[in-house]
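Quick note: the coordinates plus some simple rules give every number you see, no bench work behind them. Since we're looking at a predicted model, the values are computed, not measured. All Cβ positions, even for glycine, are placed from backbone atoms using ideal geometry, and neighbour counts span all protein chains on display.
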Amino acid sequence: MTDTDAVDVPQASIALVDVVLPCLNEAAALPWVLSRLPEGYRAIVVDNGSTDASAEIARAAGATVVAESRRGFGAAAHAGLLAATAPIVAFCDADASMDPSILPVLVKRITDGRTELILGRRVPTTRGAWPLHARFANRALSFLIKRRARIAIKDLGPMRAANREGLLSLDLRDRRSGYPLEMLLKASAAGWRIEELDTPYSPRVGRSKVTGTIRGTYIAVKDMSKLLREVQ
């Protein structure tokens with residue numbers, strides 16, 4: 001399978017929704033995250049080079065584990081998409097900042113035929129859940145997306161869902177922090193209906209690799225700004 005190094009698939013019933021969980025050293029958060037998956041939702045944990053017991057914990061919980069050695073959020077997310085087989089694929093961070101149990105609310109917008117891409121708009125549950133620098137960067141990015149691509153969103157958050165075949169047809173190429181934005185831009189260009197729903201956002205477990213640090217936020221904004229400059 002392209003873009004992936006190994007896939008460990010447990011015996012399980014056919015999933016209605018595959019939930020892709022990009023993972024880099026999330027051993028402390030995974031037990032809670034995996035326990036919150038609704039019935040009929042299969043976890044695809046993409047191990048992006050973890051040095052802790054993330055992969056072992058995921059396997060023990062019955063998740064499908066995909067190994068992706070190429071570092072980058074996009075590389076991990078796309079490897080999970082390629083491993084998915086369910087008709088609908090959802091994406092969620094593996095750090096316990098967002099609760100997978102609310103995914104059916106988002107997915108219902110798709111199955112009801114109301115939208116093709118649903119985004120979870122982050123609503124902080126506590127003051128420290130969303131670092132100030134990351135929130136500021138998100139607002140700036142949302143402004144640029146509206147100005148350059150004429151897509152009105154308030155948050156390019158990590159929780160989202162769409163039809164698997166549709167996502168594959170977008171031919172996503174970014175393998176770093178620009179992956180979520182590329183998905184949004186290509187979905188809009190393809191005429192997809194795009195919606196946002198408020199989604200609780202809690203303090204993550206452990207240290208963030210992207211928006212939890214100023215350097216990570218800078219890299220993410222740099223990657224996404226490059227994509228926006230290419231919008232015609």
Fraction of antiparallel bridges per DSSP, segment 6-229 only, in percent to nearest 5: 30 percent
Distance in nm between pseudo-label sites at VAL231 and ARG59 (7 Å out along the Cβ direction from Cα): 4.3 nm
Whether the chain is rounded, prolate or oblate, judged on the alpha carbon gyration tensor where a/c under 1.5 counts as rounded: rounded
Amide H contacts of GLU26 (H built 1.01 Å from N, under 5 Å, at least 5 apart or other chain): SER54
Candidate aspartates and glutamates for bridging to LYS226, where Cα separation is under 15 Å - those fewer than 8 sequence places away on the same chain excluded: ASP174, GLU182
Sequence of ILE153, ILE44, ILE219, ILE118 once ranked by neighbouring C-beta atoms within 10 Å, starting from the fewest: ILE219, ILE153, ILE118, ILE44
ALA190-THR85 pseudo-label distance in nm [points 7 Å out on the Cα-to-Cβ vector]: 2.2 nm
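Net charge near ALA53, counting Lys/Arg +1 and Asp/Glu -1 over other residues with Cβ under 11 Å of its Cβ?
Taking every Cβ under 11 Å from that of ALA53, the sum is -3.
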Dipole magnitude of segment 6-229 about its Cα centre (Cβ charges: Lys, Arg +1; Asp, Glu -1), debye to nearest 20: 1180 debye
Segment 90-130: trypsin sites (Lys or Arg not before Pro) falling in loop per DSSP and having at most 10 other Cβ within 10 Å: ARG127
Three-way shape label, segment 43-147, alpha-carbon gyration tensor, a/c 1.5: oblate
Shape category assigned to segment 79-193 from the gyration tensor of Cα positions, a/c cut at 1.5: oblate
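So what is the relative contact order for the chain, in percent, with contacts set as C-alpha pairs under 8 Å and at least six apart?
Relative contact order for the chain comes out at 23 percent.
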Furthest towards positive pole of dipole, ALA63, LEU119, ALA83, structure part segment 6-229, Cβ charges: LEU119
Other-chain or far-sequence residues with amide H under 5 Å of ALA86's (modelled H): ASP18
Residues whose placed amide H lies under 5 Å from that of VAL46, excluding near-sequence neighbours: LEU21, CYS23, VAL66
GNM top mover of ASP18, ASP95, ASP52 - the chain, alpha-carbon springs below 10 Å: ASP52
Spin-label pair ILE219/VAL123, simplified geometry with 7 Å Cα→Cβ offset, distance in nm: 3.2 nm
Most mobile of ALA76, ALA27, ALA161 in a GNM of the chain (Cα contacts under 10 Å): ALA27
Calculated from backbone phi, Karplus (6.51, -1.76, 1.60) coupling profile of segment 118-127 in Hz, x at Gly/Pro: 10, 10, x, 7, 5, 10, x, 8, 9, 4
Phi to ³J(HN,Hα) by Karplus 6.51 cos²θ - 1.76 cosθ + 1.60 over segment 146-158, Hz, x for Gly, Pro: 5, 6, 7, 10, 6, 10, 8, 10, 9, 7, 9, x, x
Additional length obtainable on full extension of the chain from ARG173 to ILE14, 0.36 nm per residue less Cα span: 54.4 nm
